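Report on one structure; see the data block that follows.
The values are calculated or read from the model by the stated rules, or taken from the named source; none is laboratory data. All values derive from a computational prediction rather than experimental measurement. Every residue, glycine among them, receives a Cβ derived from its backbone with ideal geometry; neighbour counts consider all protein chains shown.
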Ligand SMILES: Nc1ncnc2c1ncn2[C@@H]1O[C@H](COP(=O)(O)OP(=O)(O)OP(=O)(O)O)[C@@H](O)[C@H]1O
């Protein structure tokens, strides 16, 4: 399976001081697959994302992206191999329009220069990419709107558009539903579903269980820094070890 895997975690461990934060985590995500990551508070989900994206370097084990060992590579180097990530907290520039936000992300991919008058052609191309990405997340009608006044749901869509502008093959979504009003959930779910249908590989941490279970192909369950289970949503929810881990919490 390794050669058709977009992402491989091979016995990944992270020790900080005396604390064992991740222990022997191994799983593979196939190209085009969507996998959800769940687990009780403090289970290690964010740390796992940090290890995959290069924010943290594991103290043992390997991380492979598209077959390449990226274990010791930095965040921007992993981006070059096709990894993109959104964060729990909003990363948009509130005083810039939605289009400008995506255009800057596109420009960073197209050649680094963020000054539009120095690279007019790249600027035009970046604007075209920005409009295409905004369209993909159903936000084209807000292209000229300041990002700061968008609803939480639209800000999340904008972050996904900014991510798409960097053309990632593997997309990490960190709690995309966090802070999103109930009226915006369905639209955002549709955008994430479309990301998946377009052939991208998606890994998503999400506390909104109903949303997650309805979207993903498989669910990875973290508990005390270990991978407790990885299977279809139905099989995972029927797993007694998983139910035990969530005892006292709502699954
Ligand atoms: N830099 C650090 N030093 C020491 N302990 C840490 C560090 N970072 C995280 N931890 C601990 O590692 C564990 C896993 O944290 P992590 O944030 O990855 O969990 P999580 O599953 O994302 O939790 P939540 O659902 O609450 O966001 C927690 O017990 C946390 O306190």
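So the values come out like this:
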| item | result |
| --- | --- |
| Checking residue 248 against (1) within 16 Å of the ligand (Cβ to nearest atom); (2) modelled with pLDDT of 95 or more; (3) part of a loop (DSSP other than H, G, I, E, B), the condition it does not meet | (2) |
| So residue 227, is it surrounded by 21 or more Cβ atoms within 10 Å (Cβ to Cβ) and either outside any helix (DSSP H, G or I) or outside the structural domain of residue 29 (by TED's automatic domain parsing) (or both) | yes |
| Residues of the stretch 53-65 that turn out to be buried (at least 18 other Cβ atoms within 10 Å of the Cβ) and farther than 16 Å from residue 23 by Cβ, as a count | 4 |
| Test for residue 179: is it in a helix (DSSP H, G or I), in the same structural domain as residue 6 (by TED's automatic domain parsing) and either closer than 22 Å to residue 46 by Cβ or at pLDDT 90 or above (or both) | no |
| Among (1) farther than 25 Å from residue 22 by Cα; (2) touching a strand residue (DSSP E or B) at 6+ places or on another chain (Cβ under 7 Å) - the single one residue 202 does not satisfy | (1) |
| Residue pairs meeting the criteria (Cβ under 8 Å; at least 6 apart or on separate chains; first assigned by TED's automatic domain parsing to the domain that holds residue 56, in the stretch 10-31; second at pLDDT below 95 and part of a strand (DSSP E or B)) | 13/20; 14/20; 28/5; 29/5; 30/5; 31/5 |
| The stretch 34-76, residues that are within 30 Å of residue 214 (Cα to Cα), away from the ligand (no atom under 16 Å from the Cβ) and assigned to a loop (DSSP other than H, G, I, E, B) | 66, 67 |
| In the stretch 13-31, the residues that are within 13 Å of the ligand (Cβ to nearest atom) and either at pLDDT 95 or above or part of a strand (DSSP E or B) (or both) | 13, 14, 15, 16, 19, 20, 21, 22, 23, 25 |
| For residue 176: the one exception among (1) out of contact with any strand residue (DSSP E or B) (no Cβ under 7 Å at 6 or more places or on another chain); (2) on the phi < 0 side of the Ramachandran plot | (1) |
| The listed residue being more than 16 Å from the ligand (Cβ to nearest atom), part of a helix (DSSP H, G or I), in contact with a strand residue (DSSP E or B) (Cβ under 9 Å, 6 or more places away or on another chain) and not assigned by TED's automatic domain parsing to the domain that holds residue 132, out of 235, 186 | 235 |
| Cβ-Cβ under 7 Å pairs, at least 6 apart or on other chains, the stretch 37-50 side in contact (Cβ under 8 Å) with a residue 60 or more places away in the chain, far side within 6 Å of the ligand (Cβ to nearest atom) and in a loop (DSSP other than H, G, I, E, B) | 45/39 |
